[in-house]
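S.K.: Submitted below is the structure of interest, expressed as structure tokens.
Bear in mind these aren't lab numbers, they're just calculated from the coordinates by the rules spelled out. These numbers come from a predicted model, not from an experiment. Cβ placement follows ideal geometry from the backbone for every residue including glycine, while neighbour counts extend to all protein chains displayed.
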Amino acid sequence: MMRYVKFLLPLLAVLLVSGCGSLRRSSEERQAEEARVAALVQQRLDARQYRIIIDYMLPRRGSGKTITDYYSLTVDGSKIDSHLPYFGVAYRVPYGGGKSLVFEDDIEEYTEDFSRKGRRTIVLSTDNDEDFIIYTLTIFDGGEADIHVRCRNREDISYRGRLDPDAYPKE
């Protein structure tokens with residue numbers, strides 16, 4: 001028994017030390033990865049083909065909630081595919097709640113603002129036969145995204161998420 005301990009203890013120490021060294025990334029590797037992600041994010045935004053995966057929502061009333069299901073906002077050229085949860089007050093909606101923020105429709109207006117370094121602000125609007133909705137997207141170079149949704153018939157709501165740089169191109 002003692003013979004196994006004397007043999008396994010140094011082996012375990014060597015494996016532990018070698019494993020710790022490989023988990024750390026150098027600053028050059030980290031900067032290269034950040035540059036790659038920033039280039040992919042800008043490429044997706046320029047092509048107007050991107051998907052933002054939502055992980056946190058901030059209703060106008062109440063506290064923020066972490067999103068555990070798969071919710072997203074996808075822009076593909078002149079189309080928007082909104083698959084977002086909604087919590088808040090609805091002023092005038094169809095019986096049963098209607099489409100809410102889960103729909104696919106054409107984008108009516110799309111504007112971009114490049115005035116701040118490291119981020120791009122996109123304002124797009126759509127009319128989904130139920131409500132007129134304005135999305136304000138703030139997308140940072142690293143892929144982080146903030147979305148503010150303003151509706152005519154519902155209270156405003158905000159989301160936080162991440163642009164998925166590998167969502168496009170579609171095969």
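S.K.: Near K65, which aspartates and glutamates are there with a Cα under 20 Å away, not counting those fewer than 8 places off in the same chain?
M.R.: Hits, sequence-local ones excluded: D55, E144, D146, E155, D156.
S.K.: Looking at segment 97-159, which chymotrypsin sites (Phe, Trp or Tyr not before Pro) are in a loop (DSSP not H, G, I, E or B) and have at most 15 other Cβ atoms within 10 Å?
M.R.: F114
S.K.: As an exercise, identify the GluC sites (Glu not before Pro) in segment 43-114 lying in DSSP coil whose Cβ has no more than 16 other Cβ atoms within 10 Å.
M.R.: Passing sites in segment 43-114 are E108.
S.K.: Below 12 Å, Cα to Cα, which aspartates and glutamates can K117 reach? Residues fewer than 8 away in the same chain don't count.
M.R.: Qualifying aspartates and glutamates at Cα under 12 Å: D141.
S.K.: Then there's this: Step through the residues of segment 132-144 one at a time and calculate ³J(HN,Hα) from phi using the Karplus curve (6.51 cos²θ - 1.76 cosθ + 1.60, θ = phi - 60°), rounding each to whole Hz and writing x for Gly and Pro.
M.R.: 9, 10, 10, 9, 10, 9, 10, 10, 8, 4, x, x, 5
S.K.: Oh, and also: What is the Å³ per residue value for the convex hull set by the Cα atoms of segment 49-171?
M.R.: With only Cα atoms used, segment 49-171 gives 119 Å³ per residue.
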